[in-house]
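*Asks:* Have a look at this one before I ask anything.
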Amino acid sequence: MRQFLLIIMTLLALGGCASESCDKDVVGILNPNQTSAKLLMDYAKTAVCKTDSTGTAKPTTVDEERKLVLIYDLYVKARSYAILNKVFFWLSLVSAVAVFLWPSLGVLLKDRLGEREWYKSAIVQTTVTGIAALMFAFYSQYKDKQTYTENLMRYAVFSDKPVDELSQKVIEEIGKIDIGFSFSGVFDKKEDK
């Protein structure tokens, strides 16, 4: 019975979003096929660019504009990390398949490769494995940076702090993000577990 009531309450709450009481601009930005950073950026733009019931734009304050620029700066960074993350994700998959299939290539392509022995070399196999490990390390690095930046965007979007105080926090955290690639970050995670 409790589950039934919970389902009914959830449906009523979701039904409210389809009604006139829900801001159509906010509903318009909801799309599951986007990054969190894109959603947060669209929400920040919607919040600053609201209109009143007559359709005229409400005047924005300098602080609202500064907060939007701060959020947009984070969005640019998160988007860059998302692109790098996707690139290294696919390179990781390709290299993982290469590591998995490399020993079989000698058997499957024996007639085509002929007398070329390089594909059987331990050096080549080790190099392929090393490249795969490097791709996974880059993927992990950029995924962490993307997540960290998106969390910082969440903080900035939903914070009630004054823009001056918020910008100082963002500057400090961006400094931590922009340190660059580090293998120590990858190894520290394993030691923490």
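The values are calculated or read from the model by the stated rules, or taken from the named source; none is laboratory data. In this text the structure is predicted, and so the values were computed from the model without any measurement. Glycine also receives a Cβ, built like all others from the backbone with ideal geometry; neighbour counts cover every protein chain displayed.
*Asks:* Hey, could you check the stretch 11-35 for residues that are modelled with pLDDT of 70 or more and touching a Leu at 6+ places or on another chain (Cβ under 9 Å) and say which is surrounded by the fewest Cβ atoms within 10 Å (Cβ to Cβ)?
*Replies:* It comes out as ASN31.
*Asks:* What are the residues in the stretch 123-135 that are touching a residue at least 40 places away in the same chain (Cβ under 8 Å) and in contact with a Phe, Trp or Tyr (Cβ under 8 Å, 6 or more places away or on another chain), if any?
*Replies:* Listed by number, the list holds a single entry, MET135.
*Asks:* With respect to LYS38, determine if the residue is at pLDDT 75 or above, closer than 29 Å to PRO162 by Cβ, part of a helix (DSSP H, G or I) and not β-branched (Val, Ile, Thr).
*Replies:* Criteria met by LYS38.
*Asks:* Within the set of pairs 6+ apart or on separate chains, which have a first residue in the stretch 74-99 that is more than 30 Å from VAL157 (Cβ to Cβ), a second that is surrounded by fewer than 21 Cβ atoms within 10 Å (Cβ to Cβ) and at pLDDT below 90, and C-beta atoms under 7 Å apart?
*Replies:* Pairs that qualify, where the first residue is more than 30 Å from VAL157 (Cβ to Cβ) and the partner is surrounded by fewer than 21 Cβ atoms within 10 Å (Cβ to Cβ) and at pLDDT below 90, are ALA98/VAL128; VAL99/VAL128.
*Asks:* Select the helices (runs of 4 or more DSSP H) contained entirely in the stretch 88-193, then report the ones holding at least 1 residues which are modelled with pLDDT of 80 or more and surrounded by 15 or more Cβ atoms within 10 Å (Cβ to Cβ).
*Replies:* Result: 122-158, 163-177.
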